[in-house]
Structure formats: C-alpha cells, structure tokens
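*Asks:* Next up is a structure, given as structure tokens.
The values are calculated or read from the model by the stated rules, or taken from the named source; none is laboratory data. Not measured: the values here are computed from a predicted model. Positions of Cβ are generated from backbone atoms using ideal geometry, with glycine treated the same way; all protein chains shown enter the neighbour counts. Surface accessibility is based on the protein's heavy atoms, side chains included, excluding ligands, DNA and RNA. Shrake-Rupley method; radii C 1.70, N 1.55, O 1.52, S 1.80 Å.
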Amino acid sequence: MPMLADPSTKYQPFQPLNLPNRQWPSQTITKPPRWLATDLRDGNQSLVDPMDGDQKWHYFQMLCKLGYKEIEISFPSSGGTDFDFTRRLITTPGAVPDDVYLQVLSPCRKELIHRTVESLKGAKKAILHLYLATSPCFQQIVFGMDNKQTLELAVECTRYARSITKDDPSTAGTEWAYEFSPECFSDSNPDFIVQVCNAVKAAWEPSEEEPIIFNLPATVEMATPNIYADQIEFFCTNITEREKVCVSLHPHNDRGCAVAAAELAQMAGADRVEGTLFGNGERTGNVDLVTLGLNLYTQGIHPKIDFSDLNSIIDVVEKSNKIPVHPRAPYGGQLVVCAFSGSHQDAIKKGFQARKQAGAKTEDRWLMPYLPLDPQDIGRTYEAIIRVNSQSGKGGVAWVIQRTLELDLPRGLQVAFSKIVQRETDMLGREMQSSEIKELFVESYHLQKNPRFHLVDYRIDSDRSTSPAPPSAGRTASNKDLRRHFAGVIEIDGKEHHIQGTGNGALSALANALKGLSIDLDVADYKEHSIGSGRDTKAATYIECTAANAPTKVWGVGIHQDVVQASLIALLSAASSFLSSRPSTPVPFKPKRSNTNTMSPGHGLDSDSPLKNEVNGTNGTDNDMKGKVVE
Ligand SMILES: CC(=O)SCCNC(=O)CCNC(=O)[C@H](O)C(C)(C)COP(=O)(O)OP(=O)(O)OC[C@H]1O[C@@H](n2cnc3c(N)ncnc32)[C@H](O)[C@@H]1OP(=O)(O)O
Ligand SMILES: CC(C)C(=O)C(=O)O
C-alpha cells in the first residue's frame, strides 16, 4: 500500500500563526498591485529546455507590450545564455522601454553577485534581487547555518551589493533598486524574518521614494491561503519603516491555491506580486498572472495589463515554454468559454438575447449566466462559446444557426432541428462542428436546393370579386378582404407542373394550389424576420405545416429578398420535407379509391397520410381554398 494508513506519522499539520486581531478578512482589493513577471527567470529555470536568447527576446517584447513594468529577465551568473541575453537587451538601443525595470537574480555569493551586477552595466533601471533561505529546514539541510549566520550573510551580501551598485559612481547612470527574498518565507519563523529584513533594510538604506523590495515567497506552498495572508499581515505590521518598504508576494502553487494566496495576501497589505503568465514555474508553477489580472478585471478593476488578445499571448507562451496551456486554465483555456450542455447553452443564449434586446453596448453591465467575463474583452469570439455534442439541447443548436446563418429559429423549429442534430451526434459519437450543424440545417430544410420542388415562376393576383363575405355596410373593402390567386410553374422531380390556387393570401393560395397535386398542407405556425440591413436585406420565413388528419408536423424554411417569395419557398420546403423521406413517391398521386395506404410499410406514413391521393382536392379546413393542376 503506497499510501500510509496513518499519514500523521510522516506529515504534520502546518502550525498557523497566532494572529487574533487580523484585519485582512474585512479588506477588499481596490487596485492592481505592482506586477513582476518572472517568466524569463523562475519560469525559464523550470523548463525542460530553457529558452534561448531569441525566444527570451520575443517573450520580453511581449511582456513590455502587455504593460509589465518590472520584468525578471535572467539569472546572469547561471551562464552564457542569461548573461548574454541581459547584455543584448541593455546594449540594443530601444529594446527596453524607458519605464521598464530589468530585474536579475543572484544567490548570496559574492562572486555571483559581482557577475550579476556586471551583466547590468549600462541599464537604465535595474532591480538587483538576492535570495537566501531563512527556514529551519533549509538552514539545517542545505546550508548548515544557524539564524545568526544567515542574518550576517544576508547583511554582508546586501552591503556588498550596495557597494557595487548605488554606491559605485561608475554605475551612476543606472537607477538602482534592491530586492531581497528570504527564501521559504512561509516556512520560516515570522519574527526571524522581520529581524533579517530590518537588518537588510538598514544595510541598504532605502527611502520612501526608493523603497526596498522585500519579496516574501511561498517557495513551496505548504498551508491554506489564509495562513499565508496572516504571515504577510504580520510582516507588514512588524517591519519597521513600512513606508520605505515594498512588500512583494511570490506564491508557488503546490497546493493549487497560489491565486487565492496572492489575493488574500494583497488584502493583508502586500504591494506587489511576482508570477508568470499561465503559471509556469517550478513544480506546479508560480502564481498565474493572467488569472490574477483578469480576476481583478471582472471586479471592475483594470489590472493595467492588456489581455485584449489572449490568444496571441497563449501562442507565444506555448511556443516559448513548450508546454500547452491547459484547456481548462482560467480565462485562457480553450474550453473555458465553451458550453456543451443543454441547460448551460440555453441560459447563455437567453443571456445574449436579453443583451441584444436591451441594445446593450460593449461597456454595459455584464449579466450573463455561466460566463463571468465577456469573451470579446479578451479577444475571443462568441462563435466558440457554444459547442454541440450529445449533451446539447435546442438552445445550443439554435445559437449555432443564429451565429452561422443569422437565422432566429422559432421555438418549435429549434425543437425539431435539435432532434435531427441529436440523432446525428448520437450516431457520430462526437462533437459536431458549427460548420457541420450549419450544413445539416441547410440540407434538412432544403436551403440550397430543394430536392423535389422548385418554384420556376409564379404570379399572384388579387381579386375582390371572389371574396366570400362582401364588405359590410359602411366599410370599404380592405386588403384583408382580397382574394389572392396563385398561378405558377413548379418543377417537381424534374418535371414542370402548372398549378393554380386561390386563398386569403399568397401562402394559402399556393397551399391550395398544391392540393391540386394531392399535397394537403395547413399552415400551423408562421414566423418571419429580416436578415441583414439596407439593400442586402433578406426575409427569412419559417412555416410549420400540418397535414389534414395526420399527427406529423413539418417545418419549412425560405430565404429570399422578397418576403412573399420567401414564404412560398418555405412552404415548398415543408412540402419537400414530407416527400423527401419517400423518394419513390410520385407527384401528383394517383387518386385513391379505398382507405388503404398505398405506401409500403416503413415509410412512416400512416393511413391518415397528409398526402391525399386526389387531384383538385379541397381537403383543407378552409373550404374557400381551391387548387387546380393544369397540365
Ligand atoms: C527558489 C529559487 O527558484 S532560487 C533560484 C534558483 N535558480 C537557479 O538555481 C538557476 C541558476 N543556478 C545556477 O546556474 C547554479 O545553481 C549556480 C550558478 C547558482 C550555482 O552553481 P554551483 O556553484 O555549481 O552550485 P549548485 O548549483 O550546486 O548550487 C548549490 C550551492 O549553492 C548554495 N546556495 C543555494 N542557495 C543559495 C543562496 N541563496 N545563497 C548562497 N548560496 C546558495 C548551496 O548551499 C550550495 O552550496 P554548496 O555547494 O556550498 O553546498
Ligand atoms: C528566489 C525566490 C524568490 C524564489 O524563486 C522562490 O522562493 O520561489
């Protein structure tokens, strides 16, 4: 058994700080911290293949473009790549924006500090960063030093660093800042940390204008984030000359709580956060700067970092680190703005509809089920939000059709088409792409080519004389009272038929004309809307038809510049839907003498077939409708 029955013999609970008057739980974050991007140092040192100079260069330019003003670029004493990269940045005119600080890291070893400072020669703004572990574990195991020796080394190296930087006139062209990290801060004695940092501060002599940075790392995350916040609050309230100190955080993510730790610790008083884009870094990584930044953004606080084109950032990060961003990574993951399940899709679709109806602009209040952030704010499109698989419902399918074909399907058609999609996804056993769903719709409702019916030519005439009920006294005849005559040519299965019909409107006139072909459809539902605007406007018409005495209902869809023609096409689309499942069915049908179903079993057409085998039929509920085939 690899797992111990009693892990308490091996692992002990982390001892929390006794901080009964803690203030941080009632604080809120109201502004972004100072950010330090350490992708090119902490991130880079943990890669299987660290970045080469060109990759670092490209990454650095991206960080500057995003708005980072403090960037840890290297560990110059590690060797040629980092040293040379630092020199290249400094010696290439215009490579480093004037307001950007280059930060570099060195251990507390004089020869390494010297080499590190050498690499910074000529920099405009530089942060020299030294680290030394202060935890009992490291003191005992790694260094063999006690508290006194640790403190002395920290002070000695700080003095040395000062002597070759801000106290050295030959480096006067550089604006120097100093950062000290008591490594393993969160596993160290809080009083000792304050003691070391006060001593280091005294050695560096910062001012309010040029504060010293104390970076307090959770080098290994060992406890719940509230404990880290307690430790930070303790440090902030106990360090002397707080106004001359910038308190920085450097949370690692061993327990998966680095983001929470960084947020609670800011509430506890920290001023600055070190991390990496998408959290690359040692072991489980550094705290993720994208999540922290966009968490602020969704609270209405601009992080001062521009994540408008997150996809391009991901591209550079993935190429440089050779590690993919997890599909579920907050904000950036491919799947985090996607909904597959029906109820999520339905809610999101309604949310977007409500926004559209309210005429909401980009900057208007975001109130959206399931989506905490408007994907467009980070350069992601709405198309990818809803993806369809066997878990999806009508809402999701309708969304795809809306996005791809600009069609606002009526509810009944959503239900009908969603069943068709459901069958398809079950059969395929995978997600259907938007383009596939679009094709399925086009094919199902004969948008490109009606397999059986084609409206070749037609004419609609009005005739008041055939009106069954003459206008009542005192009232003049209105359009309502007019009868419409449809006369046209319809090609069915390659053969042209001249048909005529009369009805209250163009649609009923055609429906009636179709009765002449024994196609007896009643319009049960009708919806239309326009697509596009200006000269390119088209009408989209949706018609649900029932067939006399038949339970079956079918939908037809028509799109045309002319609204009347759109409705005629929609009716023929519905007619075709009845017939397309029965490719061998001839049109018109032979008159049926008996009640026997002439269709072979399996066609799904029962004895109440909507397709009445009569020519010149008058089976519609409206007896005024008359149809005739003239061949
Ligand atoms: C928490 C962090 O992420 S800290 C940053 C870590 N990053 C890196 O280490 C990347 C770059 N590192 C390197 O290139 C090398 O490790 C170097 C150049 C720093 C040192 O190389 P080496 O001299 O070969 O030593 P090595 O790599 O074995 O490092 C361990 C030594 O450094 C000492 N050391 C470790 N941390 C520190 C420190 N903060 N200050 C002083 N000495 C330190 C260790 O005690 C050990 O010394 P020892 O050899 O006397 O026992
Ligand atoms: C050098 C320090 C800040 C570090 O990387 C850590 O402790 O994780």
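*Asks:* Helices (runs of 4 or more DSSP H) wholly in the range 358-454 with at least 3 residues that are under 21 Å from the mean Cα position of the chain (by Cα) - which ones?
*Replies:* 394-405, 434-444
*Asks:* Given (1) within 16 Å of ligand 1 (Cβ to nearest atom); (2) under 23 Å from residue 125 (Cβ atoms); (3) among the hydrophobic types (A, V, I, L, M, F, W, C), where does residue 218 come up short, assuming only one miss?
*Replies:* For residue 218, the failing item is (2).
*Asks:* Continuing with this model, one more query. What do you reckon, is residue 350 touching a Gly at 6+ places or on another chain (Cβ under 6 Å), basic (Lys, Arg) and in contact (Cβ under 8 Å) with a residue 12 or more places away in the chain?
*Replies:* Criteria not met by residue 350.
*Asks:* Can you find even one residue in the range 119-139 that is over 23 Å from residue 251 (Cα atoms) and touching a Pro at 6+ places or on another chain (Cβ under 6 Å)?
*Replies:* The answer is yes, given that some residue of the range 119-139 is over 23 Å from residue 251 (Cα atoms) and touching a Pro at 6+ places or on another chain (Cβ under 6 Å).
*Asks:* If I ask for residues that are out of contact with any strand residue (DSSP E or B) (no Cβ under 9 Å at 6 or more places or on another chain) and closer than 18 Å to residue 124 by Cβ, which ones from the range 172-205 would you list?
*Replies:* Matches in the range 172-205: 172, 173.
*Asks:* Here's something else I'd like to know. Is it the case that the range 379-392 has a residue that's touching a residue at least 60 places away in the same chain (Cβ under 8 Å) and crowded, with 19+ Cβ neighbours inside 10 Å?
*Replies:* Yes, some residue in the range 379-392 is touching a residue at least 60 places away in the same chain (Cβ under 8 Å) and crowded, with 19+ Cβ neighbours inside 10 Å.
*Asks:* Take the range 142-178 and flag every residue that is more than 46 Å from the chain's Cα centre (by Cα), within 16 Å of ligand 2 (Cβ to nearest atom) and open to solvent by 20 Å² or more (accessible area, probe 1.4 Å).
*Replies:* Listed by number, the residues that qualify are 143, 153.
*Asks:* OK, next. If residue 349 passes every condition in (1) out of contact with any helix residue (DSSP H, G or I) (no Cβ under 7 Å at 6 or more places or on another chain); (2) closer than 24 Å to residue 433 by Cα; (3) basic (Lys, Arg) but one, which one does it miss?
*Replies:* Failing condition for residue 349: (1).
*Asks:* Counting only residues that are out of contact with any helix residue (DSSP H, G or I) (no Cβ under 7 Å at 6 or more places or on another chain), in contact (Cβ under 8 Å) with a residue 12 or more places away in the chain and more than 10 Å from ligand 1 (Cβ to nearest atom), give me the helices (runs of 4 or more DSSP H) lying completely in the range 52-156 with at least 2 of them.
*Replies:* Passing ranges, in order: 53-66, 80-91.
*Asks:* Which one of these is more than 44 Å from the chain's Cα centre (by Cα) and modelled with pLDDT of 80 or more: 457, 463, 481, 525?
*Replies:* Selected residue: 457, the only one of 457, 463, 481, 525 that is more than 44 Å from the chain's Cα centre (by Cα) and modelled with pLDDT of 80 or more.
*Asks:* Residues of the range 115-149 being under 17 Å from residue 171 (Cα atoms) and of a type in the set (A, V, I, L, M), which ones?
*Replies:* Listed by number, the residues that qualify are 117, 120, 123, 126, 127, 128.
*Asks:* Among the residues of the range 177-196, are any more than 16 Å from ligand 1 (Cβ to nearest atom), of a type outside the set (Asp, Glu), part of a helix (DSSP H, G or I) and without any contact (Cβ under 8 Å) to a residue 40 or more places away in the chain?
*Replies:* no
*Asks:* Which condition number does residue 173 fail, the rest of (1) within 16 Å of ligand 1 (Cβ to nearest atom); (2) part of a loop (DSSP other than H, G, I, E, B) being met?
*Replies:* Just one mismatch for residue 173, condition (1).
*Asks:* OK, next. For residues in the range 205-232 being more than 14 Å from ligand 2 (Cβ to nearest atom) and either open to solvent by less than 10 Å² (accessible area, probe 1.4 Å) or of a type in the set (Asp, Glu) (or both), which is farthest from residue 275 (Cα to Cα)?
*Replies:* So the residue we want is 205.
*Asks:* Considering only the range 69-76, I want to know if a residue exists there that is among the aromatic types (Phe, Trp, Tyr), within 16 Å of ligand 2 (Cβ to nearest atom) and within 23 Å of residue 263 (Cα to Cα).
*Replies:* Scanning the range 69-76, I find no residue that is among the aromatic types (Phe, Trp, Tyr), within 16 Å of ligand 2 (Cβ to nearest atom) and within 23 Å of residue 263 (Cα to Cα), so the answer is no.
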